[in-house]
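Colleague: Dropping a structure here in C-alpha coordinates format, bear with me for questions.
The values are calculated or read from the model by the stated rules, or taken from the named source; none is laboratory data. Treat the numbers as computed from the prediction; the structure is a model and nothing was measured. Note: areas computed on protein heavy atoms with side chains; ligands, DNA, RNA excluded. Shrake-Rupley method; radii C 1.70, N 1.55, O 1.52, S 1.80 Å.
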Amino acid sequence: INFKLQNKNANTVVKVSEIDIQNVNHSADVNFDGTYSEIEGTRDFVAAASIFTNSEPYTVTSEAVRVQANAGLCSDLMVPQTTAKWDITNKVAGARFAIKCTVSDATSGVVYQNGYVYIPVEINWQSGKNYTYTIIFGEGAGYDEDGNEVLQGITCDPSVGAWSDIS
(Lines give C-alpha, C1' and ligand atoms only; values in the text may rest on other atoms or scores of the structure.)
Protein backbone atom coordinates (compact mmCIF):
# COMPACT_ATOMS: atom_id res chain seq x y z
CA ILE A 1 0.00 0.00 0.00
CA ASN A 2 1.49 3.32 -1.10
CA PHE A 3 0.24 6.91 -1.00
CA LYS A 4 0.61 9.97 -3.20
CA LEU A 5 -0.56 13.49 -2.30
CA GLN A 6 -1.83 16.21 -4.65
CA ASN A 7 -3.46 19.65 -4.25
CA LYS A 8 -5.58 20.79 -7.21
CA ASN A 9 -6.76 24.01 -5.56
CA ALA A 10 -4.24 26.82 -6.08
CA ASN A 11 -6.19 29.01 -3.61
CA THR A 12 -5.32 26.79 -0.65
CA VAL A 13 -2.20 25.62 1.15
CA VAL A 14 -2.38 22.02 2.36
CA LYS A 15 0.12 20.61 4.85
CA VAL A 16 -0.02 16.90 5.74
CA SER A 17 1.77 15.33 8.71
CA GLU A 18 0.19 11.86 8.98
CA ILE A 19 -1.77 9.26 7.01
CA ASP A 20 -3.52 6.40 8.81
CA ILE A 21 -5.36 3.36 7.45
CA GLN A 22 -8.20 2.59 9.87
CA ASN A 23 -10.43 -0.42 10.53
CA VAL A 24 -8.64 -3.03 8.42
CA ASN A 25 -7.76 -6.64 9.26
CA HIS A 26 -4.25 -7.33 10.53
CA SER A 27 -4.09 -11.08 11.05
CA ALA A 28 -4.30 -14.08 8.70
CA ASP A 29 -2.88 -17.52 8.11
CA VAL A 30 -0.83 -17.74 4.91
CA ASN A 31 -1.01 -21.05 3.05
CA PHE A 32 1.76 -22.53 0.89
CA ASP A 33 -0.25 -21.81 -2.28
CA GLY A 34 -0.35 -18.07 -1.45
CA THR A 35 -3.96 -18.01 -0.26
CA TYR A 36 -5.02 -16.60 3.09
CA SER A 37 -7.46 -17.89 5.67
CA GLU A 38 -8.76 -16.83 9.07
CA ILE A 39 -8.48 -13.13 8.22
CA GLU A 40 -9.40 -11.22 11.37
CA GLY A 41 -8.39 -8.65 13.94
CA THR A 42 -9.46 -5.13 12.99
CA ARG A 43 -7.02 -2.35 13.85
CA ASP A 44 -5.57 0.94 12.61
CA PHE A 45 -2.22 1.39 10.88
CA VAL A 46 -0.11 4.53 10.78
CA ALA A 47 0.94 4.48 7.15
CA ALA A 48 3.03 7.60 7.47
CA ALA A 49 3.79 9.61 10.61
CA SER A 50 6.34 12.38 10.73
CA ILE A 51 6.70 11.46 7.10
CA PHE A 52 8.73 14.42 6.05
CA THR A 53 12.18 15.81 6.70
CA ASN A 54 12.74 17.21 10.20
CA SER A 55 9.23 16.05 11.18
CA GLU A 56 7.80 19.10 9.40
CA PRO A 57 4.44 18.69 7.65
CA TYR A 58 4.67 18.30 3.90
CA THR A 59 3.21 21.12 1.81
CA VAL A 60 1.18 19.37 -0.88
CA THR A 61 1.78 20.63 -4.44
CA SER A 62 -0.18 20.40 -7.69
CA GLU A 63 1.99 17.45 -8.74
CA ALA A 64 1.01 14.04 -7.34
CA VAL A 65 4.03 13.13 -5.18
CA ARG A 66 4.63 9.77 -3.50
CA VAL A 67 4.80 10.05 0.26
CA GLN A 68 8.36 9.46 1.44
CA ALA A 69 9.05 8.43 5.02
CA ASN A 70 12.22 9.57 6.80
CA ALA A 71 13.61 6.04 6.68
CA GLY A 72 12.70 5.41 3.04
CA LEU A 73 9.64 4.81 0.95
CA CYS A 74 6.30 4.79 2.77
CA SER A 75 4.69 1.49 1.96
CA ASP A 76 3.03 -1.17 4.05
CA LEU A 77 2.44 -4.83 3.36
CA MET A 78 -1.16 -5.56 4.27
CA VAL A 79 -3.24 -8.72 4.57
CA PRO A 80 -5.24 -9.35 1.36
CA GLN A 81 -8.87 -8.63 2.25
CA THR A 82 -12.20 -7.20 1.27
CA THR A 83 -13.48 -4.57 3.70
CA ALA A 84 -16.56 -2.35 3.54
CA LYS A 85 -16.02 1.40 3.67
CA TRP A 86 -16.94 3.59 6.63
CA ASP A 87 -20.70 4.21 6.51
CA ILE A 88 -20.96 7.89 7.40
CA THR A 89 -24.76 8.09 7.44
CA ASN A 90 -25.38 5.12 9.74
CA LYS A 91 -22.17 5.58 11.80
CA VAL A 92 -21.04 2.02 11.00
CA ALA A 93 -17.32 1.32 11.36
CA GLY A 94 -15.53 0.47 8.14
CA ALA A 95 -12.30 1.17 6.30
CA ARG A 96 -11.16 4.76 5.97
CA PHE A 97 -8.05 6.85 5.59
CA ALA A 98 -7.36 9.44 8.30
CA ILE A 99 -5.32 12.37 7.05
CA LYS A 100 -3.83 14.73 9.65
CA CYS A 101 -3.59 18.05 7.86
CA THR A 102 -3.92 21.81 7.94
CA VAL A 103 -5.74 23.53 5.08
CA SER A 104 -5.49 27.32 4.83
CA ASP A 105 -6.22 30.14 2.40
CA ALA A 106 -3.18 30.81 0.18
CA THR A 107 -3.59 34.60 0.35
CA SER A 108 -4.87 35.42 3.83
CA GLY A 109 -3.55 32.40 5.73
CA VAL A 110 -6.99 31.79 7.31
CA VAL A 111 -7.12 28.16 8.47
CA TYR A 112 -10.12 26.19 7.14
CA GLN A 113 -9.23 22.82 8.63
CA ASN A 114 -6.72 21.73 11.26
CA GLY A 115 -6.73 18.11 12.41
CA TYR A 116 -7.88 14.80 10.98
CA VAL A 117 -10.09 14.44 7.94
CA TYR A 118 -11.43 11.04 6.92
CA ILE A 119 -11.97 9.43 3.53
CA PRO A 120 -14.21 6.33 3.39
CA VAL A 121 -12.58 3.62 1.26
CA GLU A 122 -13.86 0.26 0.09
CA ILE A 123 -11.00 -2.22 0.10
CA ASN A 124 -10.43 -5.25 -2.09
CA TRP A 125 -6.72 -5.92 -1.66
CA GLN A 126 -5.50 -8.99 -3.54
CA SER A 127 -2.31 -10.95 -3.03
CA GLY A 128 0.54 -10.00 -5.36
CA LYS A 129 -0.84 -6.53 -6.19
CA ASN A 130 0.67 -3.11 -5.51
CA TYR A 131 -1.90 -0.46 -4.53
CA THR A 132 -1.20 3.27 -4.74
CA TYR A 133 -3.79 5.69 -3.39
CA THR A 134 -3.51 9.27 -4.66
CA ILE A 135 -5.14 11.59 -2.14
CA ILE A 136 -6.34 14.66 -4.02
CA PHE A 137 -7.17 17.87 -2.16
CA GLY A 138 -9.52 20.22 -4.01
CA GLU A 139 -11.99 17.63 -5.38
CA GLY A 140 -14.87 15.77 -3.70
CA ALA A 141 -15.21 15.85 0.09
CA GLY A 142 -13.45 14.60 3.18
CA TYR A 143 -15.24 14.27 6.52
CA ASP A 144 -14.71 14.97 10.21
CA GLU A 145 -15.12 12.29 12.91
CA ASP A 146 -18.89 12.93 13.03
CA GLY A 147 -19.34 12.48 9.27
CA ASN A 148 -19.71 16.17 8.43
CA GLU A 149 -18.07 17.37 5.22
CA VAL A 150 -15.02 19.55 5.75
CA LEU A 151 -14.58 22.78 3.80
CA GLN A 152 -11.73 21.48 1.68
CA GLY A 153 -12.75 18.75 -0.72
CA ILE A 154 -10.69 15.57 -0.87
CA THR A 155 -10.92 12.50 -3.08
CA CYS A 156 -8.89 9.34 -3.33
CA ASP A 157 -7.86 7.93 -6.70
CA PRO A 158 -6.54 4.34 -6.37
CA SER A 159 -4.42 2.54 -8.93
CA VAL A 160 -3.46 -1.12 -8.98
CA GLY A 161 -0.43 -2.69 -10.58
CA ALA A 162 1.58 -5.86 -10.50
CA TRP A 163 3.94 -6.24 -7.58
CA SER A 164 7.53 -5.26 -8.27
CA ASP A 165 10.54 -4.26 -6.21
CA ILE A 166 11.12 -0.50 -5.96
CA SER A 167 14.71 0.60 -6.30
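Colleague: Note down the accessible area of Phe3, probe 1.4 Å, to the nearest 10 Å².
Modeller: Estimated to the nearest 10 Å², Phe3 gives 0 Å².
Colleague: Then there's this: Going by accessible area, probe 1.4 Å, with all protein chains left in place, what is the ranking of Thr102, Thr12, Thr82, largest first?
Modeller: Thr82, Thr102, Thr12
Colleague: Please list 3J(HN,Hα) in residue order for the range 95-104, calculated via the Karplus relation 6.51 cos²θ - 1.76 cosθ + 1.60 where θ = phi - 60°; whole Hz, with x for glycine and proline.
Modeller: 3J(HN,Hα) across the range 95-104, in whole Hz: 5, 7, 9, 10, 10, 8, 8, 10, 10, 9.
Colleague: Collect residues whose amide H, placed 1.01 Å from N in the peptide plane, falls under 5 Å from the amide H of Thr134; neighbours closer than 5 in sequence don't count.
Modeller: Here Lys4, Asp157, Ser159 satisfy the definition.
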